[in-house]
Amino acid sequence: NIPDRDKVTKVVAAAKERQIPFRIGVNAGSLPEEVHKSLREQHQINRDDRERTADRMVEVALGHCKILEDLDYGPGFIKVSLKSTDVWTNIMANRKFAAARAYPIHLGVTESGPVEAGSIRSAVGMGILLSEGIGDTIRVSLATSDPREEVRVAHEILKTLAFRNESATLVACPTCGRLEYDMVPTVKAVEAHIARLKVPITVAVMGCVVNGPAEARHADIGVTGGRGKGVIFKKGKLYKTVAQEELLAVLLAEIDTIAAEHAPAPAPLPR
């Protein structure tokens, strides 16, 4: 974001003195016009526009890396971020840069949108790259008044890909014709309850006794219900049967018991 080379030199000198790293950020919507022009001249007319944009982004990022490298400010002090609102452009740009340089990469889909749509775009755009070993840090950008939504989505992306394993996971089946109890309120209540847990357990809320326990046999604890009764199972095996109206309260208490069993031991006090 500093076009003046002399100013960059001064900033680098100050950063060197304090051992502060640089993040080079390239946004597809803010590319210099001269880069647009040079790449228009280099590419065939039928070349996919997404790939052209990705090439522009990488060219700009490498150019800024070169400036810092020429000032002897390279590995260990540079992180790069290439972002676009278009998911495929984002993926292409980061793949290309990762193939060109070994610098740490900060991933994100910029201006991804409101919570639901933005979460999906972010999960797809970053999940593909993370699964390929590309990306060192991530940022989920959502149009929300509560920035904690962004953190929750980011945690869920990392947890889904097994990069984090320090919070509870809720699985629930889609409803079907075999559903015999009001499952959705139970899902919402359990989701709110386990949000505070910092232990790697899995809870399942299933719709029927026919398939529920077997399909969720991986869960530490799960429930299903119907015909006035609730069934609680652990690792796919029947644990207890309770009255339907007691199901949620009993489940939440059991979740807390399992969470306490999985909680890490406190660190020993210093002597």
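The values are calculated or read from the model by the stated rules, or taken from the named source; none is laboratory data. Note that the structure is a prediction, hence the values are computed from the model and not measured. Please note: Cβ atoms are built from the backbone with ideal geometry, for glycine as well, and neighbour counts cover all protein chains shown.
Anything in region 209-223 that is touching a Phe, Trp or Tyr at 6+ places or on another chain (Cβ under 9 Å) and modelled with pLDDT under 90? List them, or say none.
Taking region 209-223 first, the residues touching a Phe, Trp or Tyr at 6+ places or on another chain (Cβ under 9 Å) are 212-213, 216-217, 219, 221-223.
Those that are touching a Phe, Trp or Tyr at 6+ places or on another chain (Cβ under 9 Å) and modelled with pLDDT under 90: G212, P213, A216, R217.
Based on this model, can you work out whether S38 counts as modelled with pLDDT under 95, of a type outside the set (V, I, T) and either outside any helix (DSSP H, G or I) or surrounded by fewer than 17 Cβ atoms within 10 Å (Cβ to Cβ) (or both)?
yes
Run E180 past the list (1) surrounded by 15 or more Cβ atoms within 10 Å (Cβ to Cβ); (2) at pLDDT below 95; (3) in the same structural domain as H64 (by TED's automatic domain parsing) and report the number of the one that doesn't hold.
With (1) surrounded by 15 or more Cβ atoms within 10 Å (Cβ to Cβ); (2) at pLDDT below 95; (3) in the same structural domain as H64 (by TED's automatic domain parsing) applied to E180, the lone miss is (3).
Being under 18 Å from K235 (Cα atoms) and among the small types (G, A, S) is the filter here; which residues of region 168-204 pass it?
Once the filter is applied, which keeps residues that are under 18 Å from K235 (Cα atoms) and among the small types (G, A, S), region 168-204 yields A168, A172, A204.
Do you know which residues across region 96-117 are among the aliphatic types (A, V, I, L, M) and either surrounded by 19 or more Cβ atoms within 10 Å (Cβ to Cβ) or assigned to a helix (DSSP H, G or I) (or both)?
A98, A99, A100, I105, L107, V109, V115, A117
Of the residues that make up region 219-240, is at least one in contact with a Cys (Cβ under 8 Å, 6 or more places away or on another chain), surrounded by fewer than 20 Cβ atoms within 10 Å (Cβ to Cβ), closer than 15 Å to M183 by Cα and without any contact (Cβ under 8 Å) to a residue 60 or more places away in the chain?
Scanning region 219-240 turns up at least one residue that is in contact with a Cys (Cβ under 8 Å, 6 or more places away or on another chain), surrounded by fewer than 20 Cβ atoms within 10 Å (Cβ to Cβ), closer than 15 Å to M183 by Cα and without any contact (Cβ under 8 Å) to a residue 60 or more places away in the chain.
Evaluate region 183-197: report whether one residue or more is without any contact (Cβ under 8 Å) to a residue 24 or more places away in the chain and acidic (D, E).
Among the residues of region 183-197, at least one is without any contact (Cβ under 8 Å) to a residue 24 or more places away in the chain and acidic (D, E), which makes the answer yes.
Quick one: would you say L129 is crowded, with 17+ Cβ neighbours inside 10 Å and either assigned by TED's automatic domain parsing to the domain that holds I105 or without any contact (Cβ under 8 Å) to a residue 24 or more places away in the chain (or both)?
yes
Limited to region 73-95, what total is found for residues that are touching a residue at least 24 places away in the same chain (Cβ under 8 Å), more than 24 Å from the chain's Cα centre (by Cα) and surrounded by fewer than 18 Cβ atoms within 10 Å (Cβ to Cβ)?
3
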